[in-house]
Amino acid sequence: MKNKNFNLKNKKAISIMIGYVLLITSAIVISGIVYQWMKTYVPKEGINCPDGVSVYIDEVKCEEIVYNSFLLNLTLKNNGRFNIAGYFIHATNSSEQELATIDLSGYTPDGADKGGSVIFGVKNFLNPGEKRKNIFDITLPINSINSVEIIPLRFQSIENKERLVSCQNAKIREEITCS
């Protein structure tokens, strides 16, 4: 009688071990499937501008209209090999500030409601060699500008979709005095 009970206990232990092995195996298989599925959502490489994108500030003027209100006249020239669609424009209000954090795009009609950028149209409208003038009507809370930073933008066709691409490698910075 003792031998029969001993054999039953051993068989129960084996069935529990088989259950654990099946549970661990199914967890590993499901995690492999989820990993392969999630891998398709991560882009393989970042979207970059071509190397020939380049702009420079041709002219910048700052005129005070009334107390704590001034016009920033900015003329941008495309001196690169590719058309551009617009730009991000940020400013600093201190000479010690290294990172431009004040978004100026909302102070011009071309930048209103464009997601923090100044866009010329739905295509890359600024051809190489062309200039574009924008006037920024700046009022409080910005009381001074020490430098302006511009990052060009362009539309690029990626997988048959038009994407707006920021050209970080073509960023320019100009020291100005506006107060």
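The values are calculated or read from the model by the stated rules, or taken from the named source; none is laboratory data. For clarity, every value in this text was computed on a predicted model and none was experimentally measured. Here Cβ is always computed from backbone atoms with ideal geometry, including for glycine, and neighbour counts include all displayed protein chains.
Remarks
- Extreme residue, modelled with the lowest pLDDT, among residues of the stretch 99-108 that are assigned to a loop (DSSP other than H, G, I, E, B) and surrounded by 10 or more Cβ atoms within 10 Å (Cβ to Cβ): 108
- Test: residue in the stretch 35-54 that is within 23 Å of residue 135 (Cβ to Cβ), among the β-branched types (Val, Ile, Thr), touching a residue at least 12 places away in the same chain (Cβ under 8 Å) and surrounded by 14 or more Cβ atoms within 10 Å (Cβ to Cβ): no
- Residues in the stretch 109-125 that are under 17 Å from the mean Cα position of the chain (by Cα) and either surrounded by fewer than 18 Cβ atoms within 10 Å (Cβ to Cβ) or part of a strand (DSSP E or B) (or both): 113, 114, 115, 116, 118, 119.
- When 169, 160 are checked against the criterion of being at pLDDT below 90, exposed (fewer than 15 other Cβ atoms within 10 Å of the Cβ) and assigned by TED's automatic domain parsing to the domain that holds residue 96, a single residue qualifies: 160.
- Test: residue 166 is under 17 Å from the mean Cα position of the chain (by Cα), over 24 Å from residue 70 (Cβ atoms) and of a type in the set (Ser, Thr, Tyr): yes
- Residues within the stretch 59-74 that are within 11 Å of residue 177 (Cα to Cα) and over 29 Å from the mean Cα position of the chain (by Cα), tallied: 1
- If you filter the stretch 105-135 down to residues that are in contact with a Gly (Cβ under 9 Å, 6 or more places away or on another chain) and free of Cβ contacts under 8 Å to residues at least 12 places away in the same chain, you find that the one that is farthest from residue 78 (Cα to Cα) is 113.
- Restricting 69, 95 to residues that are more than 27 Å from residue 167 (Cα to Cα) and touching a residue at least 24 places away in the same chain (Cβ under 8 Å) narrows the list to 69.
- Out of 30, 24, 47, 65, sole residue that is at pLDDT below 90, outside any strand (DSSP E or B), out of contact with any Ser or Thr (no Cβ under 6 Å at 6 or more places or on another chain) and of a type in the set (Val, Ile, Thr): 47
- Residue check, residue 128 in contact with a strand residue (DSSP E or B) (Cβ under 9 Å, 6 or more places away or on another chain), modelled with pLDDT of 85 or more and in a loop (DSSP other than H, G, I, E, B): yes
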